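Report on the following structure.
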Amino acid sequence: MPRFDFSGFFKRITGGKALAPEQVTGWAQWLEVALIPWVAIGLAWLARPDDPLLADTLFPWLWFAPVLIALRYGVLPGLLGSLPMLLNWLLADHFGVVPKDFSPEYFFGGGLLVLVCGEFSDVWRDRNLRMEETYLYVTERLSRLTKRHLLLNLSHDRLEQEMLARPGSLRDALARLRSIAIERSQDQLPMPGAAGLLQLLSQYVNIESAALYTVEERGSSLVLGALVTRVGDPAALTPNDELLRLALESRSLAHIASQDVSLESQSKQLVVAPLVAGNDTLIGVLAVTRMPFFSLNLENLQMMSVILAYYADNIRHAPDVRRVQERLPTMPALFAEELVRMMLMQKKVGIPSHIVVMSFGGTQREEIPAEFLRIKRGLDLYWQTQVKGQPVIAVLMPFASQASKDGFLQRIEDWLLSRFGGNFDSLGIHLRPIDFALEDPLEVLAELTKE
């Protein structure tokens, strides 16, 4: 038997988002807090002028107004929405229409109901915010992992074809580009390392003439900004260019052979590609005026999109990563980038994360870390360094609760027992867990890795 869609039916008869918008903030929220109770009170005076408090009815229907406000906005707005109920009582008393058996429990019970509903709203809005932040982080990380996997695949294929023609790998080139972006982020440039990005694209995608531009937000629309850098002699990108419009609307690469480009297109560009970070933030656009005909293929365009997205991710987090690496120079950029994200998530919505720092002493201090890194989990990030001649591994566990951290340590101890015949203490392994909710991980890591 098919189920009736009550939510869809309600949206159709009420106008959907008109009465239940996803988010109401600022003056609109307080306007609702002020208007809803008075509208309900006005209807009560029209319907029952002899009992505007609706105290003689079997149910105190008038309290639906502040209860609705409490469910939408929480305790404080609900209490403020209850004040008109007191004013309505004073008004009814002034006109002598208050029932003789009216009891103060009318306000006590109604106020208690508003408090309970407001507390319920606050708890669930907090939980919903946590879930939304977790979902956004997981979506962003999946996007970054997908792009890196594609880069690895493309780099492997390209290395097989051109190993003798080009020294080094795409991975090395991207690592250099990331380092340049992090180092030059202190110069407050809109796109630090942009010249290196164009050189990389010239080498691996064979662009001959291209330019990088910023993108500015004006109201709800995106417009073309200033020229950042260029290679060769590219034609200027105009704000009304059709490829630019398609790229900004779709937030994906647009090229001259695309099906969405009209036959009457007067664009002077072959390709316009946006620089979109993992959280869908638009950094800028790349306009390619000239490249070899045989290079304008799906593989090259795909590689161009992924390199640009990788660069956009790097410059979005470059200032924070640079500050972390200035304090902890041996920390890898990927570890620092994820550490910054986890610290922001903990500060913003209180989602827990942990770091476990393992210092290896004893006679097998070189063998155990090497074996340990071979069994590492894909979800965690690892930083291997040396402190006072001893190997140290820091394991960052995103979104790990206390129970998850304890379970991880128990699994490692079981592995040590089966592989090396001992536990943490007997093998000389010192553990230092770091709880993001209780300590500043940067402070603790700086202290632990101090020579």
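The values are calculated or read from the model by the stated rules, or taken from the named source; none is laboratory data. From a predicted model like this one, the values you see are computed outputs, not experimental measurements. Neighbour counts run over all protein chains shown; Cβ positions are idealised from the backbone, glycine included. Side chains are part of the model used for accessible areas, which takes the heavy atoms of the whole protein and leaves out ligands, DNA and RNA. Shrake-Rupley method; radii C 1.70, N 1.55, O 1.52, S 1.80 Å.
Work out the charge dipole of the chain with +1 on the Cβ of Lys and Arg and -1 on the Cβ of Asp and Glu about the Cα centre, then indicate which of ALA312, ILE180, VAL357 is farthest towards its positive end. Of the options given, the answer is ILE180.
The charge dipole of the chain, taken about its Cα centre with unit charges on the Cβ atoms of Lys, Arg (+1), Asp and Glu (-1) only, comes to about 800 debye. Rounded to two decimals, what is Rg over Rh for segment 26-110 when you use alpha-carbon atoms and the Kirkwood radius? For segment 26-110, the value is 0.97. For THR229, the residues whose amide H sits under 5 Å from its own are LEU212, ignoring neighbours fewer than 5 places away on the same chain, with H placed 1.01 Å from N. Applying the Karplus relation 6.51 cos²θ - 1.76 cosθ + 1.60 with θ = phi - 60° to segment 407-416 yields 3J(HN,Hα) values of x, 4, 5, 5, 5, 5, 5, 5, 5, 4 Hz, where x marks Gly and Pro.
By how many degrees, between 0 and 90 and to the nearest 10, does the Cα long axis of helix 194-204 differ from the longest principal axis of the chain? The angle comes out near 60 degrees. When Rg and Dmax are taken over the Cα atoms of segment 404-451, they come to 13.3, 35 Å.
Above 40 Å, the calculated P(r) of the chain contains 46 percent of its Cα-Cα pairs. Mean projected area of the Cα convex hull of segment 233-332, taken over all directions, amounts to 8.2 nm². Once you reduce segment 90-127 and segment 192-245 to the center of their Cα atoms, the two points are 60 Å from each other.
For a modelled paramagnetic label at ALA235, 7 Å from Cα along Cα-to-Cβ, the residues of segment 293-321 in reach, with backbone nitrogen under 16 Å, are 293. Here segment 368-412 is treated as a sphere whose radius is the Kirkwood value from Cα pairs; by Stokes-Einstein at 25 °C and 0.890 mPa s it diffuses with a coefficient of 212 µm²/s.
Think of the chain as having a plus end and a minus end, set by charges on the Cβ of Lys, Arg, Asp and Glu; of PHE120, ILE36, LEU396, LEU396 sits farthest toward the positive end of this dipole. Seen against the Cα atoms of the chain and their longest principal axis, helix 333-349 is set at about 10 degrees.
With every protein chain left in place, what is the accessible area per residue of segment 298-451 in square angstrom, probe 1.4 Å?
About 46 Å² of surface per residue is accessible.
What's the carbon and sulfur percent of the chain's accessible surface, probe 1.4 angstrom, rounded to a whole number?
Its accessible area is 59 percent carbon and sulfur atoms.
Per residue, segment 195-263 exposes 53 Å² of accessible surface when a 1.4 Å probe is rolled over the protein heavy atoms with every protein chain present. Mean projected area of the Cα convex hull of segment 308-404, taken over all directions, amounts to 7.7 nm². Quick note on segment 195-268: its Rg to Rh ratio, both from C-alpha atoms and Rh being the Kirkwood radius, is 0.97.
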